1. If I filter segment 7-54 down to residues being among the polar types (S, T, N, Q) and in a helix (DSSP H, G or I), which single residue comes out as surrounded by the fewest Cβ atoms within 10 Å (Cβ to Cβ)?
2. Taking interchain pairs and intrachain pairs at least six residues apart, which have beta carbon atoms under 9 angstrom, with the first residue in segment 43-54 and at pLDDT below 80 and the second in a loop (DSSP other than H, G, I, E, B) and among the basic types (K, R)?
3. Outside any helix (DSSP H, G or I), free of Cβ contacts under 8 Å to residues at least 40 places away in the same chain, surrounded by fewer than 11 Cβ atoms within 10 Å (Cβ to Cβ) and not aliphatic (A, V, I, L, M): does that describe D73?
4. Of everything in segment 12-35 that's of a type in the set (D, E, K, R) and at pLDDT below 90, which residue is farthest from A72 (Cα to Cα)?
Amino acid sequence: MSLTMQLRRMEKGHYTPHGFRSAFRDWCGEETDFAREIAEAALAHTVGDMTERAYRRGDALEKRRRLMDAWADYLH
């Protein structure tokens, strides 16, 4: 909601945060070699079925950090 409110204050209310998330996901899939699971985790999406999630212990923090650094470079 905070991003929505900021967009309204900037008089950009016709944009939505979902659009930003969608643009990020499209960029990940089309322009990078990052694994699908890393991109989905960066969006806080649940990845895999219950069994797969039960065995996934790590958070891939360093991989997600590299992804977000690449995204920041792309936006800059």
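1. Among them, the one singled out is T51.
2. V47/R56; G48/R56
3. Taking the combined requirement at face value, the residue does not satisfy it.
4. Applying the filter and picking the extreme gives K12.
The values are calculated or read from the model by the stated rules, or taken from the named source; none is laboratory data. Note that this is a predicted model, so its numbers are computed, not measured. Heads up, the Cβs are rebuilt from the backbone with ideal geometry, glycines too, and the neighbour counts pull from every protein chain shown.
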